[in-house]
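The values are calculated or read from the model by the stated rules, or taken from the named source; none is laboratory data. Note that this is a predicted model, so its numbers are computed, not measured. All Cβ positions, even for glycine, are placed from backbone atoms using ideal geometry, and neighbour counts span all protein chains on display.
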Amino acid sequence: ATVNLHSINQAKIIPYCTYLGIQTSKLMMDSEASGTMEVAALGRPFGLGMLYDCRKDSLIPGMTLWDHDDLKSNIGERPQNYNDFEIVASESIEDKSSALNVEASLKASFLGGLVEVGGSAKYLNDSKTSKNQARVTLKYKATTNVKELSMDHLGRGNVKHPYVFDQGLATHVVTAILYGAQAFFVFDREVSEKESHQDIQGKLKVMIKKIPSVEIGGKGSLTMEDKEKENVEKFSCRFFGDFSLEKNPVSFQDAVEVYQSLPKLLGAKGENAVPIKVWLLPLTSLDSSAAKLVRQISTRLVQELQSVLEDLSELEMKYNDALRTTAAQQFPQIGKKLKTFKGMCSEFKLEFQRTLAKKLPSIRGGGEMEAVLAEILKKRHSSPFNSKNLNEWMDCKEREIDTLMSFTNMMTNAKIIPSQNHLYKEVLSAEHAVCFVFTSLGRAEPYLSTLSNYLKQTPEDPQDAHTQDVEKEQWYASKEVAEEMRQEAKLFSDFAEANKENRNIKFLTVGSTNEMQKGSSILLYKDELKKKYLETT
């Protein structure tokens, strides 16, 4: 029989194709979930025969399928000698995970806070705090040997404690371990406004590449040209490793000395090596009644979760830089808003990770479908905490800070006062005082209120997450207000310059809130007007 394609409802084809795609993806994930797995150790205390729950990516301590003596005998061992170094120039979660061979599902657990890392894997938790940092990382890796269980353990009838299968606590057992050690030397260099970030990053990378070949002189000095020595003195170093050091390196020279000592620190026979990678066998291979990993989290969703947290990390660097600016420190109104914003972003991030930590084990164990993760991502995207709105607000604050600094840079002969109380003291001690007041710094911002309300709401009491134009009605966004302020600032600056030798006049600048006067105003204080003015403000 023939089928008339034109008679088929096209609207039904697309959902069916999508359904087939989902089912194909599900079959692939289910297949992966039922096989042997390779997992990065990440500084966790793995041992042969230990039980592991892949739903939570956690070790099950104190419970095994065999006696202690069984796990000491009939162990296969073979050498796996290897060492290498590489440069990690990017600080993204993706690249750091790749440097530690963390696959997608384990990465999801790390992002959700289910996995507590140790040793060299603490590198995953280390992030830049400022956009003004140039950073390059040197990775060292050495492997020594592989140990594995044998059929004396895994053969039929050789399990000593089969009742463990009924507990449902674990999904896998550790059957092989690759031993070795890793180390990450993280080099940072502050980049000034006059320097090119790209140039500094390039120079940093060139010098770090030389570490394995740099020679140490008789007096402990590095065999380098004077210009190179001067350059590396500006580098700071942080160390994350599986090695036991007497003292962690903090400088380039320290790093060279430690790097060259690493092979010896492993021990002559690799006795100081730690688990680098483990192989996991599903317990269902030994007993069909055991708990199992039903499905893995798809790579696409893990990448989306990663993107959310990377966006928040980028934002964190931006507000850290903003808080360090002179304007944020001189005008408390700016600093207070930035700290409030920072606190709410941190709270949202923590809650987002808590939700992941709760949902991931449930999905992997078959209790919920993967679609709940997509729903979490969708909810975040439609919330006031979506990346677009957060970055818009931060961009506005940076613009406000830049505008403030352009004005205060004109006022070289004025003293910046942090508050009205300080202004009161300054005015009382002067015969005359002229004060330039930024009148809109403390104005309420609806977007911050929206963020706060969103965090306070409960699932049973959802609120409208609609957000308005973040920059709407901001004082620095109005050309008319900005032009009027510039004229007032020039008038104030010129007057201060003309009277800088006059000790009877103080020139002051302060941030305040005056809803009746948008932008700025200039106030003149005279002896007879001090009391009257201060009482009315």
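For segment 394-417, the criterion of being under 22 Å from the mean Cα position of the chain (by Cα) and among the hydroxyl-bearing types (Ser, Thr, Tyr) is satisfied by no residue at all.
Annotation: Asp464 fulfils all but one of (1) surrounded by fewer than 18 Cβ atoms within 10 Å (Cβ to Cβ); (2) modelled with pLDDT of 90 or more; the unmet one is (2). As for segment 292-307, it holds no residue that is among the hydrophobic types (A, V, I, L, M, F, W, C), without any contact (Cβ under 8 Å) to a residue 12 or more places away in the chain, surrounded by fewer than 21 Cβ atoms within 10 Å (Cβ to Cβ) and farther than 30 Å from Glu233 by Cα.
Looking only at residues in segment 157-215 that are at pLDDT 90 or above, of a type in the set (Asp, Glu) and not in a strand (DSSP E or B), which one is farthest from Leu286 (Cα to Cα)? Among residues in segment 157-215 that are at pLDDT 90 or above, of a type in the set (Asp, Glu) and not in a strand (DSSP E or B), the one farthest from Leu286 (Cα to Cα) is Glu195. Assess whether Leu309 counts as being assigned to a helix (DSSP H, G or I), within 18 Å of Ser127 (Cα to Cα) and in contact with a helix residue (DSSP H, G or I) (Cβ under 8 Å, 6 or more places away or on another chain). Here the answer is yes, as Leu309 does meet what is asked. Do any residues in segment 502-527 that are surrounded by fewer than 22 Cβ atoms within 10 Å (Cβ to Cβ) and of a type in the set (Val, Ile, Thr) have Cβ atoms under 6 Å from those of residues that are modelled with pLDDT of 90 or more and part of a strand (DSSP E or B), where the two are at least six apart or on different chains, and which pairs are they? Taking only residues 6 or more apart or on different chains, the pairs are Ile522/Phe436.
Mind listing just one residue for me: the one in segment 89-102 that is surrounded by fewer than 17 Cβ atoms within 10 Å (Cβ to Cβ) and among the acidic types (Asp, Glu) and, of those, farthest from Val206 (Cα to Cα)? Filtering segment 89-102 for residues that are surrounded by fewer than 17 Cβ atoms within 10 Å (Cβ to Cβ) and among the acidic types (Asp, Glu), the one farthest from Val206 (Cα to Cα) comes out as Glu94.
Would you pick out the residues in segment 114-132 that are surrounded by fewer than 19 Cβ atoms within 10 Å (Cβ to Cβ) and either at pLDDT below 95 or under 30 Å from Ser192 (Cα atoms) (or both)? Before the answer, list the steps.
To start, the set of residues in segment 114-132 that are surrounded by fewer than 19 Cβ atoms within 10 Å (Cβ to Cβ) comprises 116, 118, 122, 125-132.
Result: Lys122, Asn125, Asp126, Ser127, Lys128, Thr129, Ser130, Lys131, Asn132.
Inspection of segment 69-91 finds a residue satisfying the criterion of being among the aliphatic types (A, V, I, L, M), touching an Asp or Glu at 6+ places or on another chain (Cβ under 7 Å) and assigned to a strand (DSSP E or B). Of the residues making up segment 396-418, those that are part of a loop (DSSP other than H, G, I, E, B) and of a type in the set (A, V, I, L, M, F, W, C) number 3. Checked against (1) out of contact with any Ser or Thr (no Cβ under 8 Å at 6 or more places or on another chain); (2) modelled with pLDDT of 95 or more, Leu281 meets all criteria but (1).
Are any residues in segment 419-443 more than 14 Å from Ile522 (Cα to Cα) and either in a loop (DSSP other than H, G, I, E, B) or touching a Gly at 6+ places or on another chain (Cβ under 9 Å) (or both), and if so, which ones? Within segment 419-443, Ser419, Ser429, Ala430, Glu431, Leu441, Gly442, Arg443 meet the criteria.
Would you check which residues across segment 42-63 are of a type in the set (A, V, I, L, M, F, W, C), touching a helix residue (DSSP H, G or I) at 6+ places or on another chain (Cβ under 8 Å) and crowded, with 18+ Cβ neighbours inside 10 Å and list them?
Filtering segment 42-63 for residues of a type in the set (A, V, I, L, M, F, W, C) gives 42, 46, 48, 50-51, 54, 59-60, 63.
Now narrow it down to the ones that are touching a helix residue (DSSP H, G or I) at 6+ places or on another chain (Cβ under 8 Å): 42, 48, 51, 54, 63.
Result: Leu42, Leu48, Leu51, Cys54.
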